[in-house]
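To keep things clear, I will list the structure first and then write my remarks on it.
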Amino acid sequence: MDEMTMFAELRPIESTMTETELAGLRAELFPSAARLARPDEPGELIDLAGRRITDQRDRRRARVAVVAAAIAAVGLGGVWLAIDRDADTATVGPAQQPDDSSSVVEPAPAAVDPYELPRFAFAEPGWTMTYASETSYGRGRAVVFLSDDGFDGPWVDISVSPADAVGSLPEVDFGAISAHVSEFADGSLVYWTEPGGRLLEAYGWQVDAATVAGLFESTTLTDGAVTVGNLPDGASLANREIADAVGRYGSYQFTHTDGRTLDINLSGGGHRALYGRVGGEQRETLSLGGEEWSMLDYADQGLTGRHRADVLRGFWTWEFDGEPFASQDAFVDTIAGIRTVDEATWEAALPDSVVGQSEQADTVAELLNGVPIPDGFDVAALTDGTTNDRYQFIAHVSGAVACAWLEQWFTGEQTEDVNLQAGAAAALATSHDWPMLIEIADQGGWSEVLWQHADAVNGGEGVLTGAGPVAPTRDLVNSALGCEI
Amino acid sequence: MAEPDLVVPHAADTVAAWFDRHALAIAAYATRRVGPTIARDVVADTFRVALEQFDGFDSARGNERAWLFGIATNVIRRHWRTEERRLRVQARAVRAEVHPVDPLLGVDDSVDARRAYERIVDVVAQLPPDDRDLLVLVAWENMSSSEVASVLGIPPGTVRSRLRRIRTQLAEGTTHG
């Protein structure tokens, strides 16, 4: 049993507030506010005059706040600020007519390229995308298959790790190398500092630490790319495209006209990714259309109407999490009707607030207008075929530029090249005037965090952390800005 | 700045509707973390803050449930010592349930089992508040990375990288001492 599962076992099951207690508290907080007719049907709001608020525009007005200058800090530096939004968004329509029989469910067809994030559409009308974020991390990783079964068999994933990931894990002497080790039911994590001083992390899925350590003996890191020189018999190295897919992740949110919401998350990496989502949880398994779905009904946690399903489809684990649904069957009906579609169909259904593949190049050009770029910066690499809402895409573009300047700044610091450092600092100082950062400044915490780093390299007090302001380090910027430098 | 196209005349109605829909879940979450007595105060403070800061809610950044959980999480932080004491009690209680006294079970085995849970609690108690919140949201509330990201106001990638670090720390904590 791994430690996460043990901690999950510590989850208390005490009785919480009763309906009567909640009603009493409600009366204290909202003495004159009307009650929901049926709390499990979010569309059924009743105003003070006793009228049902069912018109979609009224429902949006009831949910979206006025443009304001007030900022409410929530959680770890997250910033919520209401802005004016175009209320007319396109609906993600069905790519094909839905089957007329809900009793026969066909598995979703595989994506054309099994290692690209699948594109999909709902069979059920009324769903609109409200959020999209496609990220990729761990560039330059190496993936070693230890059998002919690819991701269905044992495999090892080696990537650059933050320096503080080791903590005080026990160090084990494997003869040729020493490494810090954590072993668990389905594999091992092994951390090793390569000759250049960078910490490498190897996740061995169904592989013991000794075997992983053996791979490290011939592992090198060159220009940010991990390479394994000597492979065991029967092992093979995945090509760059497949290795990069392991670090790819898609996160989307959809809202229905009736108020239901559905999160869809896609994780790559075969069974390892499914394990990461489901782990050792005790779940109901539903066999549907030749697939095994791991189901979770949140009613046990007092969240009536919320359901979750995880299913492995080839390389990708699909996670569906939505509420409120009248029943698990209703939830399954909705998600079973989601089909994969081609890129053109996917893009055609995206709302205006989301930047699709075909719009990326023009959007990059627009965002970088007037922004200083380091010599050798690969602008074309920003056009990576992902789908993101405009906030996330601006974070992606501005982050890439800031990371490049920060890498130059750190290089100047290490080589004592004052001019190199000064040039980077001056460029970053202009970030306060970058239109893209100003555009999203009141939508989230990204701009503020980037500006803190810009100020920190220009004589500022440092980047704010839980321990107060600290001078920037490579690991700090990698964690805060998603750099990989 | 663009002119607002919406004005919400009944913020209290909206937040009250959110109360009807989510207060029980917020109460259950608070109870699990700080116990039933303090949970009532947490729920009350959560919705008071929600009403005060209603103008700051942006549905484009996440749903109201995530926003409310984020507020509740911040409120719960005032009671982190209470939470730590409860965790230690739960560690002893789980040990008794999961590993009932078995005459065939050696004393050393049962002691090891107790220590394993207590070491986990030690690690969790020493986690920074941010990490403890993230761990609880994932392990006890079964939230996905994207939902945790919405609640805590951090990128999903940061959730995953922090969770990886927390797993390592938990593993390290139970192999030592």
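Take the conditions closer than 26 Å to B:Gly157 by Cα, crowded, with 19+ Cβ neighbours inside 10 Å and at pLDDT below 95 and apply them to A:Arg240. Does it pass? Against the criterion (closer than 26 Å to B:Gly157 by Cα, crowded, with 19+ Cβ neighbours inside 10 Å and at pLDDT below 95), A:Arg240 does not qualify.
Candidates in the range B:145-164 are the residues that are at the interface with chain A (Cβ under 8 Å from one of its Cβ atoms) and touching a residue at least 24 places away in the same chain (Cβ under 8 Å); of these, the one that is surrounded by the fewest Cβ atoms within 10 Å (Cβ to Cβ) is B:Gly153.
Any residue that is farther than 25 Å from A:Val166 by Cβ, assigned to a helix (DSSP H, G or I) and out of contact with any strand residue (DSSP E or B) (no Cβ under 8 Å at 6 or more places or on another chain) - is there at least one of those in the range A:459-480? Checked the range A:459-480: no residue is farther than 25 Å from A:Val166 by Cβ, assigned to a helix (DSSP H, G or I) and out of contact with any strand residue (DSSP E or B) (no Cβ under 8 Å at 6 or more places or on another chain). Within the range A:407-421, the presence of a residue that is under 21 Å from the mean Cα position of the chain (by Cα), assigned to a loop (DSSP other than H, G, I, E, B) and surrounded by fewer than 19 Cβ atoms within 10 Å (Cβ to Cβ) is excluded. I'm checking my understanding of the structure. Among residues of the range B:33-46 that are facing chain A (nearest Cβ under 7 Å), surrounded by fewer than 24 Cβ atoms within 10 Å (Cβ to Cβ) and modelled with pLDDT of 90 or more, which one is farthest from A:Asp300 (Cα to Cα)? This residue is B:Ala44. Among A:Val355, A:Val332, which is aliphatic (A, V, I, L, M) and more than 30 Å from A:Gly290 (Cα to Cα)? Result of the check over A:Val355, A:Val332: A:Val355.
Taking the conditions exactly as written (within 12 Å of chain B (Cβ to nearest Cβ), in contact (Cβ under 8 Å) with a residue 60 or more places away in the chain, over 12 Å from A:Gly399 (Cβ atoms) and not β-branched (Val, Ile, Thr)), does A:Glu484 satisfy them or not? Taking the combined requirement at face value, the residue does not satisfy it. Of the set (1) surrounded by fewer than 21 Cβ atoms within 10 Å (Cβ to Cβ); (2) closer than 22 Å to A:Ala454 by Cβ; (3) without any contact (Cβ under 8 Å) to a residue 40 or more places away in the chain, all apply to A:Gly370 but (3). Residues in the range A:278-302 that are surrounded by 20 or more Cβ atoms within 10 Å (Cβ to Cβ) and within 11 Å of another protein chain (Cβ to nearest Cβ): A:Leu296 alone. Note on the range A:268-283: among residues that are at pLDDT below 90 and outside any helix (DSSP H, G or I), the one that is farthest from A:Glu134 (Cα to Cα) is A:Gln282.
The condition of being out of contact with any strand residue (DSSP E or B) (no Cβ under 6 Å at 6 or more places or on another chain), farther than 24 Å from A:Ala27 by Cα and either more than 7 Å from chain A (Cβ to nearest Cβ) or at pLDDT 90 or above (or both) holds for only one of B:Arg65, B:Arg85, that being B:Arg85.
For the range A:5-24, filtered to residues that are assigned to a helix (DSSP H, G or I) and among the charged types (D, E, K, R), the residue that is surrounded by the fewest Cβ atoms within 10 Å (Cβ to Cβ) is A:Glu19. The set of residues from the range A:164-190 being hydrophobic (A, V, I, L, M, F, W, C) and surrounded by 15 or more Cβ atoms within 10 Å (Cβ to Cβ) comprises A:Ala165, A:Val166, A:Leu169, A:Val172, A:Phe174, A:Ile177, A:Ala179, A:Val181, A:Leu189, A:Val190.
Is it true that A:Ile242 is out of contact with any helix residue (DSSP H, G or I) (no Cβ under 7 Å at 6 or more places or on another chain), of a type in the set (Val, Ile, Thr), touching a residue at least 60 places away in the same chain (Cβ under 8 Å) and not in a helix (DSSP H, G or I)? It is false that A:Ile242 is out of contact with any helix residue (DSSP H, G or I) (no Cβ under 7 Å at 6 or more places or on another chain), of a type in the set (Val, Ile, Thr), touching a residue at least 60 places away in the same chain (Cβ under 8 Å) and not in a helix (DSSP H, G or I).
In the range A:312-353, the qualifying residues are those that are of a type in the set (D, E, K, R) and not in a helix (DSSP H, G or I), and the one that is surrounded by the fewest Cβ atoms within 10 Å (Cβ to Cβ) is A:Asp352.
Remark: pairs (first residue in the range A:1-25, more than 7 Å from chain B (Cβ to nearest Cβ); second residue surrounded by fewer than 18 Cβ atoms within 10 Å (Cβ to Cβ); Cβ separation under 6 Å; 6+ apart in sequence or on different chains) = A:Asp2/A:Phe184; A:Asp2/A:Ala185; A:Thr5/A:Gly280.
Every residue, every condition in (1) within 18 Å of A:Val278 (Cβ to Cβ); (2) out of contact with any helix residue (DSSP H, G or I) (no Cβ under 6 Å at 6 or more places or on another chain); (3) at pLDDT 80 or above, yes or no:
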residue: B:Asp122; (1), (2), (3): no, yes, yes
residue: B:Ser144; (1), (2), (3): yes, yes, yes
residue: B:Ala149; (1), (2), (3): no, no, yes
residue: B:Glu172; (1), (2), (3): no, yes, no
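With respect to the numbered conditions (1) farther than 25 Å from A:Glu241 by Cα; (2) modelled with pLDDT of 90 or more, which one is the sole condition not fulfilled by A:Arg474? With respect to (1) farther than 25 Å from A:Glu241 by Cα; (2) modelled with pLDDT of 90 or more, A:Arg474 is out only on (2). Scanning the range A:422-441 for residues that are outside any helix (DSSP H, G or I) and either buried (at least 21 other Cβ atoms within 10 Å of the Cβ) or touching a Cys at 6+ places or on another chain (Cβ under 8 Å) (or both) yields one hit, A:Trp434. Selection of the range B:117-144 for residues being within 7 Å of chain A (Cβ to nearest Cβ) and among the small types (Gly, Ala, Ser) yields B:Ala139, B:Ser144.
Of the residues making up the range A:284-311, just one is among the polar types (S, T, N, Q) and part of a loop (DSSP other than H, G, I, E, B), namely A:Thr304.
For every residue, the table says whether it meets (1) within 11 Å of chain B (Cβ to nearest Cβ); (2) in contact with a Leu (Cβ under 7 Å, 6 or more places away or on another chain); (3) surrounded by fewer than 16 Cβ atoms within 10 Å (Cβ to Cβ).
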| position | (1), (2), (3) |
| --- | --- |
| A:Trp192 | no, yes, no |
| A:Tyr203 | yes, yes, no |
| A:Ala225 | no, no, yes |
| A:Gly259 | yes, no, no |
| A:Ile264 | yes, no, no |
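The set of residues in the range B:16-31 that are among the hydrophobic types (A, V, I, L, M, F, W, C) and more than 7 Å from chain A (Cβ to nearest Cβ) comprises B:Trp18, B:Ile26, B:Ala30. Cβ-Cβ distances below 6 Å connect the following pairs, each with a first residue in the range A:428-450 that is more than 13 Å from chain B (Cβ to nearest Cβ), a second residue that is buried (at least 22 other Cβ atoms within 10 Å of the Cβ) and part of a loop (DSSP other than H, G, I, E, B), and a separation of six or more residues or different chains: A:Leu428/A:Val457.
The values are calculated or read from the model by the stated rules, or taken from the named source; none is laboratory data. This one's a predicted model, so the numbers in the text were calculated from it and none came from an experiment. Because the Cβ atoms are built from the backbone with ideal geometry, glycine has one as well, and the counts that use them run over all protein chains shown.
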